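What follows is calculated from the coordinates using simple rules that are stated; it is not laboratory data. Note that this is a predicted model, so its numbers are computed, not measured. FYI the Cβ positions are ideal-geometry reconstructions off the backbone, even for glycines, and counts take in every protein chain you see.
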Amino acid sequence: MPHIYPPEFRRQVIELARAGTRVKLLAATFQMSDATIYNWLKQDRIDRGEAEGATTSQQLELAAARRRIRQLETELAVARKVNEVFLAEGIRPKGSTR
C-alpha cells in the first residue's frame, strides 16, 4: 500500500527540487523513493501547464465520477435482483393491471 504524504509536505519537497536540490538527496533525507519525487515533479509540471496530461483536479474529478458510477451500478444491480424476486413470486408493481 502506498504511503500518503500530506499536501504541504509534497509542496515543500517539490519546491526544494525546483530550487535545485538533487532528487537523490531529497529522497535520502526524507526516506522516500526518488521515483516518488520524480512523479510529483512530473505532476507539478502538468498542473502548471508546462506538460501534457490530466491535472490533479481532473484526476480527482475522474476518481469521484468512477466512485459514483460504481455506486449507481450497484444500486441498479440490486433493483434488478429485487425485480427478479418479485416477478418470481408473482408480485406485480403497483398500478399494474396485468
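Overview of values
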{"item": "Among Lys24, Lys42, Lys81: highest mean-square fluctuation, GNM of the chain, C-alpha pairs under 10 Å", "result": "Lys81"}
{"item": "Mean residue ellipticity (222 nm) of the chain, computed from DSSP H runs ≥ 4 via -39,500 (n - 2.57), nearest 500", "result": "-23000 deg cm²/dmol"}
{"item": "Listed values (i) 166; (ii) 91; (iii) 115, entry calculated as volume of the Cα convex hull per residue in Å³", "result": "(i)"}
{"item": "The chain: most fluctuating residue of Arg67, Arg48, Arg80 per GNM, C-alpha cutoff 10 Å", "result": "Arg80"}
{"item": "Proximal lysines relative to Lys24, as straight alpha-carbon distance under 29 Å, when same-chain residues fewer than 8 apart are discounted", "result": "Lys42"}
{"item": "Highest-first arrangement of 10-17, 70-77, where packing means the average Cβ count within 10 Å", "result": "10-17, 70-77"}
{"item": "Estimated FRET transfer efficiency when R0 is 25 angstrom, pair Gln59-Ala79 (beta carbons, to 0.05)", "result": "0.25"}
